[in-house]
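Trainee: If you scroll down you'll find the structure; I have some questions about it.
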Amino acid sequence: MPVAAVIAGARRIGAEIVRGLASDGYDVGLTYNTSITEAQKLQQELVALNRECQIVQCDVTVPLAIGSALTNLEDGMGFADVIVYNAGVFPGAAPPADIDEDDLLQALRVNTLPVLTLARHYEMRCREHQRTGRIIILGSLGAREIWRDRAAYNTSKAAQHTLALSLARSLAPTMSINIVAPGQIVLEGEQESHSAIVSERRIPKERHGSADDVVDAVRYFARCSEYITGQTIVVDGGYGLVR
């Protein structure tokens, strides 16, 4: 069976990506940072569906941890045909006078820099196995739009987007690298936690996005032609058209 690895796949959208890939016939390995209970439950769920699933702890801010986690997953499951990078942080709003440089640096350490580490390691594995690979990055509309008082997040996601495109060019034909950029996504059971949510009236599709909408875009990049690289699917219900 094909193998997928999901970085930060234990909960929320990451867990739904794991489930979506498993339903498409992938054995799936995933990393978690602190959500070991959620990771173990998801592992049990996939095993019950006759899918192989391995879990590995990984702090993506530590470059050596990323390489070690991917090596461990490969040793247990084989070469990853697809790797999804889902780790991310969303620093709180702050006007320029109150921006905490540590928040900006942490956003870069989680949202941006691990993409480079991941691509470097994966390129070596692709060459050693004489295989082509796919990386799918979970980006954001925040890479394209400037949101008030969200400098740390906007900067990290814009840098992530540019880095992904640069790597897509430099690492072809060894691998394809594409981006899924969600807009306003509301997960089941979390509706009331979004105090600054975009009104459905402002979205042409007249609803907020769901995890399934994001997962469908990931699944497309996982199975589309390897000739497709450096591309972005924006999952926003047309919101960007009216901005």
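Trainee: Filter the range 110-135 for residues that are touching a residue at least 12 places away in the same chain (Cβ under 8 Å) and either surrounded by fewer than 14 Cβ atoms within 10 Å (Cβ to Cβ) or not in a helix (DSSP H, G or I) (or both) and give the result.
Mentor: Correct list: Arg127, His129, Arg131, Thr132, Gly133, Arg134, Ile135.
Trainee: Confirm whether Ala80 is under 29 Å from Trp147 (Cβ atoms) and assigned to a loop (DSSP other than H, G, I, E, B). First the steps, then the outcome.
Mentor: Numbers: under 29 Å from Trp147 (Cβ atoms): no; assigned to a loop (DSSP other than H, G, I, E, B): yes.
So Ala80 fails the test.
Trainee: Does the range 48-66 hold any residues that are part of a loop (DSSP other than H, G, I, E, B), buried (at least 23 other Cβ atoms within 10 Å of the Cβ) and of a type in the set (Val, Ile, Thr), and which are they?
Mentor: Our first condition is that a residue be part of a loop (DSSP other than H, G, I, E, B); within the range 48-66, this holds for 49-52, 58-62.
Now drop any that are not buried (at least 23 other Cβ atoms within 10 Å of the Cβ), which leaves 58, 60.
Across the range 48-66, the qualifying residue is only Val60.
Trainee: Go through the range 156-169 and count every residue that is surrounded by fewer than 20 Cβ atoms within 10 Å (Cβ to Cβ) and of a type outside the set (Lys, Arg). Reasoning before the result, please.
Mentor: Quick first cut of the range 156-169, residues surrounded by fewer than 20 Cβ atoms within 10 Å (Cβ to Cβ) only: 158-159, 162-163, 165-166, 169.
Still in the running and of a type outside the set (Lys, Arg): 158-159, 162-163, 165-166.
Selection size over the range 156-169: 6.
Trainee: Out of Ala69, Ala107, Ala159, report the one residue that is in contact with a Cys (Cβ under 7 Å, 6 or more places away or on another chain), assigned to a helix (DSSP H, G or I) and small (Gly, Ala, Ser). It would help to see each step written out before you state the result.
Mentor: Working: Ala107 fails: in contact with a Cys (Cβ under 7 Å, 6 or more places away or on another chain); Ala159 fails: in contact with a Cys (Cβ under 7 Å, 6 or more places away or on another chain).
Matching residue, one of Ala69, Ala107, Ala159: Ala69.
Trainee: Identify, from the list Gly230, Gly238, the residue that is at positive phi, at pLDDT 95 or above and not charged (D, E, K, R).
Mentor: Numbers: Gly238 fails: at pLDDT 95 or above.
Checking each option against the conditions leaves just Gly230.
Trainee: Let me ask something additional. Would you please name the residue that is modelled with the lowest pLDDT, looking only at residues in the range 139-156 that are among the charged types (D, E, K, R) and closer than 15 Å to Ala93 by Cβ? Outline the logic, then answer.
Mentor: Our first condition is that a residue be among the charged types (D, E, K, R); within the range 139-156, this holds for 144-145, 148-150.
Imposing the further condition that a residue be closer than 15 Å to Ala93 by Cβ reduces the set to 145, 148-150.
Details: Glu145: 83, Arg148: 88, Asp149: 88, Arg150: 88.
Only one residue tops the list, namely Glu145.
Trainee: With the condition kept exactly as written, say whether any residue in the range 176-191 is in a helix (DSSP H, G or I), touching a strand residue (DSSP E or B) at 6+ places or on another chain (Cβ under 7 Å), crowded, with 20+ Cβ neighbours inside 10 Å and modelled with pLDDT of 95 or more.
Mentor: Here is the first cut: in the range 176-191, the ones in a helix (DSSP H, G or I) are 191.
With touching a strand residue (DSSP E or B) at 6+ places or on another chain (Cβ under 7 Å) added as a condition, the list becomes none.
No, the range 176-191 contains no residue that is in a helix (DSSP H, G or I), touching a strand residue (DSSP E or B) at 6+ places or on another chain (Cβ under 7 Å), crowded, with 20+ Cβ neighbours inside 10 Å and modelled with pLDDT of 95 or more.
Trainee: What about Gln44, is it assigned to a helix (DSSP H, G or I), of a type in the set (S, T, N, Q) and exposed (fewer than 14 other Cβ atoms within 10 Å of the Cβ)? Full working, then the answer.
Mentor: On the way: assigned to a helix (DSSP H, G or I): yes; of a type in the set (S, T, N, Q): yes; exposed (fewer than 14 other Cβ atoms within 10 Å of the Cβ): yes.
Judged against the criteria, Gln44 is a match.
For (1) β-branched (Val, Ile, Thr); (2) touching a Pro at 6+ places or on another chain (Cβ under 9 Å), each residue gets a yes or a no:
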| site | (1), (2) |
| --- | --- |
| Ile135 | yes, no |
| Ala159 | no, no |
| Met175 | no, no |
| Pro182 | no, no |
| Asp236 | no, yes |
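Trainee: Filter the range 10-43 for residues that are farther than 17 Å from Ala80 by Cα and basic (Lys, Arg); which is farthest from the chain's Cα centre (by Cα)?
Mentor: Applying the filter and picking the extreme gives Lys41.
The values are calculated or read from the model by the stated rules, or taken from the named source; none is laboratory data. Note that the coordinates shown come from a computational prediction; the quantities given were computed from them, not determined experimentally. Virtual Cβ from ideal backbone geometry, glycine too; neighbours counted across all protein chains shown.
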